[in-house]
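Enquirer: Sharing a structure below in structure tokens format, with a few things to ask.
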Amino acid sequence: MEVDEAEFFNRLLDYRNILYLCHRNADPDAISSAFALSEAIGGTVGLVDGCNRVASVLIERLGIEVVDKPNPNDYGFVVVVDTSTKAQLNDLELTRYCVIDHHTTTALTENAEFFLHRNSTSTVEIVYNILKAMGAPINRRVGIGMLTGIVTDTGHFKHASADTFRTVAKIIEDSGVEYGEVLDLMAATPQDISMRIAILKAASRVELDRVEDMLIASSHVSSFGGSASSMLINIGADVAFVGTAKGESVRISARAKRDAVNAGINLGQIMEDISNEYNGTGGGHSGAAGIDVIADMKEVLNKCREKTKKILEVSLKGTSKEISFNDEIEELENE
Ligand SMILES: [Mn+2]
């Protein structure tokens, strides 16, 4: 059953010993949403399976108490935060739970006791409106967490809407946090050496398709696929797919520039369609999405490329061709 902000917290008030559960490799949006709710309503912040780099800095700096890999049965009720698929919870079995989320795919809401879903750019923004509906204060710790969640989930405001900026302004006013503090916190986050290696490997292994002036980059790494995929966009790709094989299964992280989204690319939809072919899980946003399936990585990557090429060929009225890096080297050598 879908509820609104006021109904959401009214229902939570009926429960004791609440677990706010963040998806695996939790990001600042998930952690800060869970933390803000736990501060306002009471309860425990739980991580299904670890958290990312910026999130771990937040946990340390803000002194957020978290339980890693909690047993849901130890709690009276579970609030699943910023999560849309069961795979993101490592297929953890939940009996009584609700969902608060902003992703376009909503598979988890099916068996939830109730859920709150908004098409906001972050879950933090939904939580902010809950706190306002409750009349709860936004303290400095909660404010820093929320702002970090919004900045990271919007790709440093790249995907921000007018509503995003309105909420950011209100959080700054309510909490007394300065925006610069948030930037400092993120800048102070050290980049993991293995992440930097993975990103450089992804760049060196890239396969490139061109449709008119759009570039589709595909690559693979053994970890940090999400970061590698974002990096390929930052260095010139319009759409990027990065595969990570783990035993029998494969994960693809996909990112797209706004121009590619405007040209008809909806990665969430592409990922959902491909995952259905394999009985896997997939989805996300139009500009950022992922897939988890049991299949050959090369095959799934090719499906992503083919679907994307087809969409762009139609919308840009052009044909696609693969750009070979080896040819370029030979040409240069022959000159
Ligand atoms: Mn989020």
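Enquirer: Given the structure, is VAL124 of a type in the set (A, V, I, L, M, F, W, C), within 14 Å of the ligand (Cβ to nearest atom) and not in a helix (DSSP H, G or I)?
Expert: Taking the combined requirement at face value, the residue does not satisfy it.
Enquirer: Further question: State all residues of the range 10-37 that are within 14 Å of the ligand (Cβ to nearest atom) and in a loop (DSSP other than H, G, I, E, B); if no residue qualifies, say none.
Expert: Listed by number, the residues that qualify are HIS23, ARG24, ASN25, ASP27.
Enquirer: Continuing with this model, one more query. Quick one: is HIS285 over 20 Å from THR154 (Cα atoms) and touching a helix residue (DSSP H, G or I) at 6+ places or on another chain (Cβ under 7 Å)?
Expert: no
Enquirer: Need the failing condition index for HIS156 against (1) farther than 30 Å from ARG11 by Cα; (2) within 16 Å of the ligand (Cβ to nearest atom); (3) touching a Gly at 6+ places or on another chain (Cβ under 9 Å), just the number.
Expert: In the conditions (1) farther than 30 Å from ARG11 by Cα; (2) within 16 Å of the ligand (Cβ to nearest atom); (3) touching a Gly at 6+ places or on another chain (Cβ under 9 Å), HIS156 misses (3) alone.
Enquirer: Would you check which residues across the range 157-182 are free of Cβ contacts under 8 Å to residues at least 12 places away in the same chain and either small (Gly, Ala, Ser) or under 17 Å from ALA55 (Cα atoms) (or both) and list them? It would help to see each step written out before you state the result.
Expert: Taking the range 157-182 first, the residues free of Cβ contacts under 8 Å to residues at least 12 places away in the same chain are 157, 162, 165-166, 169, 173, 178, 180.
If the condition is that a residue be free of Cβ contacts under 8 Å to residues at least 12 places away in the same chain and either small (Gly, Ala, Ser) or under 17 Å from ALA55 (Cα atoms) (or both), then ALA162, ALA169, GLY180 are the ones that fit.
Enquirer: Something else now. Out of the strands (runs of 3 or more DSSP E) lying entirely within the range 188-296, which hold 2 or more residues that are more than 16 Å from the chain's Cα centre (by Cα) and assigned by TED's automatic domain parsing to the domain that holds LYS310?
Expert: Values: elements: 207-211, 214-220, 239-246, 249-256, 281-284, 288-294.
Where strands (runs of 3 or more DSSP E) fall fully within the range 188-296 and carry at least 2 residues being more than 16 Å from the chain's Cα centre (by Cα) and assigned by TED's automatic domain parsing to the domain that holds LYS310, they are 207-211, 214-220, 239-246, 249-256, 288-294.
Enquirer: So, in the range 32-70, exactly how many residues are among the polar types (S, T, N, Q), modelled with pLDDT of 95 or more and surrounded by fewer than 19 Cβ atoms within 10 Å (Cβ to Cβ)?
Expert: Taking the range 32-70 first, the residues among the polar types (S, T, N, Q) are 32-33, 38, 44, 52, 56.
Adding the requirement that they be modelled with pLDDT of 95 or more leaves 32-33, 38, 44.
Retained after the next criterion (residues that are surrounded by fewer than 19 Cβ atoms within 10 Å (Cβ to Cβ)): 44.
The number of residues fulfilling the criteria is 1.
Enquirer: From the list VAL151, VAL99, which residue is outside any helix (DSSP H, G or I) and either within 16 Å of the ligand (Cβ to nearest atom) or crowded, with 21+ Cβ neighbours inside 10 Å (or both)?
Expert: One residue alone meets the criteria, VAL99.
Enquirer: Can you tell me how many residues in the range 75-88 are at negative phi, touching a strand residue (DSSP E or B) at 6+ places or on another chain (Cβ under 7 Å) and within 15 Å of the ligand (Cβ to nearest atom)?
Expert: Result for the range 75-88: 6.
Enquirer: Hey, among LYS321, LYS298, LYS307, LYS303, which residue is farther than 20 Å from ALA202 by Cα and either touching a Cys at 6+ places or on another chain (Cβ under 7 Å) or modelled with pLDDT of 95 or more (or both)?
Expert: Within the list LYS321, LYS298, LYS307, LYS303, the selection yields LYS307.
Enquirer: Within 18 Å of the chain's Cα centre (by Cα), assigned to a helix (DSSP H, G or I) and more than 16 Å from the ligand (Cβ to nearest atom): which single residue out of VAL57, VAL142 fits that description?
Expert: Working: VAL142 fails: within 18 Å of the chain's Cα centre (by Cα).
None of the others qualify; the one that does is VAL57.
The values are calculated or read from the model by the stated rules, or taken from the named source; none is laboratory data. Not measured: the values here are computed from a predicted model. We place every Cβ from the backbone using ideal geometry, glycine too, and count neighbours over all the protein chains shown.
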